[in-house]
Every structure is written in structure tokens, then in C-alpha cells.
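Notes follow once the structure below has been shown.
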Amino acid sequence: MTAGPLKQLATLAARISRRTRYEIAKRIMPSTAVLGPKVVPRLSGPLVQRREVKLNLGCGPMHLDDYINIDADPRACADFYLTFDELRDAFAQDSVGEILMVHSLSYLNLWQARDFFRDAHHLLQPGGRLVIELPSIEKCAQHLLESSGDPSRYLEAVRGIYAFDLSEISNKVRFTPYSFGWSAWHLEHELRDARFGDVTVTEPHYHGQSWRDIRVEAIK
């Protein structure tokens, strides 16, 4: 077989792989899967030997270029499948420039989150940053209180607290709810307790739900 047909077969295989991952992503997190299909590369070499890395933790279907994408769910579009408590042993101290978490921190309960903050501080380089986007429980509560008589608005507020997709309700699919709810001031308080320095709260960059979400950046 000549190089031309081989290249065409390789392209077709990549498209099939990409589409398969996209269909899986839609089942995991339909609201995020609109980001589109992605071919996921496999990284080589021991993680602990890597330097100057950026981590996308709890990536789900959101595979980002220039990041090592990590998730505990084997169905996710990840480069590596690790739980948060395995990260400290997977990467060297002071080797990470950025840790990004988009709608993943809330799956940890409070004591797990506190342990994770200490591990993140250990892994980050001096000046490295931890970036967290997630629903604010205060914003969701306010939206909930203002939604009386409006089922759609009410369900949107409840979704922000419990992390389900409406397709999971209509299709009777079991989902994993959040384990904890965060407000901006409390998250900042916990990060400072974990020895992070400058902590700022801004508008979210992902999902386009500023009525619900917050973005918190903490510098080591």
C-alpha cells in the first residue's frame, strides 16, 4: 500500500477516535461537550521528572492544549487517570507552573479539599498559580430565592448546587453530585490557611454562567 492510502487510513482512524471520545464526553458532561471533539495525545516518560508543567485537573471532556489533562474517570478525555490524592506522588515538588480546576473542586468534601490545597502548594513553583472555577453556592442560593414560580430558573439554580445535567434527569441517568459548596470568601479563607499568598476573585472564563460561577486565582 502506498503512502497516500496509508495517510488516508490514518486520518480516518483519527476521526473515528475523535468522534468516539466526543460521544463519550457528551454522556459524561453534555453541557461541556459543546467544546467539541478532541484527539487526546499520550504523554511519555515519568511524570515526576517533568518540569514547568501545567495541569488541568478533573478535565472531563475538556482537553486543553499545553496542559497535562488529568481525571479519575477512565471515560474522560484525559492524558492521565489519577485521583487528586495521587498528584503529590506523581509530580515533583515545585515543578508545576499552573493548576487549573474547572468545576471539579466541588466533588471533594471539605477535608479532601484542604488536603488538596496543601498538596497543590507543595507542587507549585514559587509564583505558580492555582486557578479554580466553580459554582458559588451563594450565587446559586440567591438565584434560587428569586426563581419562585419559574421552574426553568429554579432547576438552573439547583443544577449549580448538585451538578446534574437536565439530560440525565430526562434519561433517568444516575449522576455524582457535588460533595461541598463554595463561596468566594470561604474559598479565599481556606487557600490562605494553606499558605497561598495573593488570592483574587474574578468573573469566570469558562461555561459563560457569570450569574452562577466564580473564578478564584491563588499565587504560591
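Of the residues making up region 132-186, those that are more than 27 Å from THR202 (Cβ to Cβ) and either among the acidic types (Asp, Glu) or buried (at least 18 other Cβ atoms within 10 Å of the Cβ) (or both) number 2. For region 111-141, which residues satisfy the criterion of being closer than 22 Å to GLY160 by Cβ and acidic (Asp, Glu)? If the condition is that a residue be closer than 22 Å to GLY160 by Cβ and acidic (Asp, Glu), then GLU133, GLU138 are the ones that fit.
Screening the candidates ALA72, ALA120, ALA76 for the property of being of a type in the set (Gly, Ala, Ser), in contact with a Phe, Trp or Tyr (Cβ under 7 Å, 6 or more places away or on another chain) and crowded, with 16+ Cβ neighbours inside 10 Å yields one hit, ALA72. When you check VAL39 against the structure, is it surrounded by fewer than 14 Cβ atoms within 10 Å (Cβ to Cβ), in contact with a Lys or Arg (Cβ under 6 Å, 6 or more places away or on another chain), over 25 Å from ARG159 (Cβ atoms) and at pLDDT below 95, yes or no? For VAL39, the condition - surrounded by fewer than 14 Cβ atoms within 10 Å (Cβ to Cβ), in contact with a Lys or Arg (Cβ under 6 Å, 6 or more places away or on another chain), over 25 Å from ARG159 (Cβ atoms) and at pLDDT below 95 - is met. Restricting attention to region 98-112, the residues being among the hydrophobic types (A, V, I, L, M, F, W, C) and more than 14 Å from the chain's Cα centre (by Cα) number 2.
The values are calculated or read from the model by the stated rules, or taken from the named source; none is laboratory data. Everything numeric here is computed off the predicted structure, so don't read it as measured data. Neighbour counts are summed over all protein chains in view; Cβ atoms, including those assigned to glycine, are modelled from backbone coordinates with ideal geometry.
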